[in-house]
Amino acid sequence: YIADGMVRADFTSTIEGKAVTSHMISADGYVHTWSDAYPQGIKMKIPDGEATTDGAVGGVSADSRVDYDCQPWAKDSGKFIPPSDVSFMVMGEGGMPAMPEGLELPR
């Protein structure tokens with residue numbers, strides 16, 4: 001979803017045979033990312049004057065083959081508001097805080 005300089009993307013991947021949906025919102029100078037598989041997400045400030053993409057999104061090259069389905073869409077500002085039921089760890093200048101104990105990233 002794209003509107004007024006804001007972007008939201010929702011992705012479904014298969015990890016160890018299970019479908020996992022991940023989300024990203026870029027709005028108001030921040031990027032929020034989270035997944036339905038974890039109770040926490042990450043919030044990062046976009047440095048002033050820096051582009052939000054570098055040709056790769058979420059570790060996938062822009063040249064990779066992906067399936068997508070575009071549909072007409074009327075702007076819904078609610079799509080650009082991070083969910084209130086996800087706790088976001090803030091990634092600061094000193095780096096990202098440590099992962100919570102017992103939480104592992106998918107391989």
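The values are calculated or read from the model by the stated rules, or taken from the named source; none is laboratory data. What you see is a predicted model, and the numbers here were worked out from it, not measured in a lab. Here Cβ is always computed from backbone atoms with ideal geometry, including for glycine, and neighbour counts include all displayed protein chains. The accessibility values were calculated without ligands, DNA or RNA, using every heavy atom of the protein model including side chains. Shrake-Rupley method; radii C 1.70, N 1.55, O 1.52, S 1.80 Å.
Given (1) at pLDDT 90 or above; (2) open to solvent by 40 Å² or more (accessible area, probe 1.4 Å); (3) aromatic (F, W, Y), identify the lone condition not met by W34.
(2)
Does any residue of segment 13-27 turn out to be under 21 Å from Y1 (Cα atoms) and modelled with pLDDT under 90?
yes
Across segment 38-52, what is the number of residues that are in a loop (DSSP other than H, G, I, E, B) and either at pLDDT 85 or above or touching a Leu at 6+ places or on another chain (Cβ under 9 Å) (or both)?
Looking only at segment 38-52, we keep the residues that are in a loop (DSSP other than H, G, I, E, B), and these are 38-39, 46-52.
Pick out the ones that are also either at pLDDT 85 or above or touching a Leu at 6+ places or on another chain (Cβ under 9 Å) (or both) and you get 38-39, 46.
Count: 3.
Being at pLDDT 65 or above, under 15 Å from the mean Cα position of the chain (by Cα) and not basic (K, R) is the filter here; which residues of segment 53-80 pass it? Write out each step before concluding.
From segment 53-80, those at pLDDT 65 or above are 61-80; that's our starting set.
Among the residues that remain, those that are also under 15 Å from the mean Cα position of the chain (by Cα) are: 79-80.
Result: F80, single match.
Pairs please, first residue from segment 29-42 and closer than 11 Å to M91 by Cα, second anywhere and among the aromatic types (F, W, Y) and assigned to a strand (DSSP E or B), Cβ atoms under 7 Å, 6+ apart in sequence or on different chains.
Partner pairs satisfying both residue conditions: H32/F88; G41/W34; G41/F88; I42/F88.
Can you tell me which residue within segment 1-31, out of those that are open to solvent by 60 Å² or more (accessible area, probe 1.4 Å) and not in a strand (DSSP E or B), is nearest to D76 (Cα to Cα)? Walk me through it before giving the result.
First, the residues of segment 1-31 that are open to solvent by 60 Å² or more (accessible area, probe 1.4 Å): 1-2, 4-5, 10-12, 14, 16-19, 28, 30.
Pick out the ones that are also not in a strand (DSSP E or B) and you get 1, 4-5, 16-17, 28.
Working: Y1: 9, D4: 11, G5: 13, E16: 34, G17: 33, D28: 16 Å.
Result: Y1.
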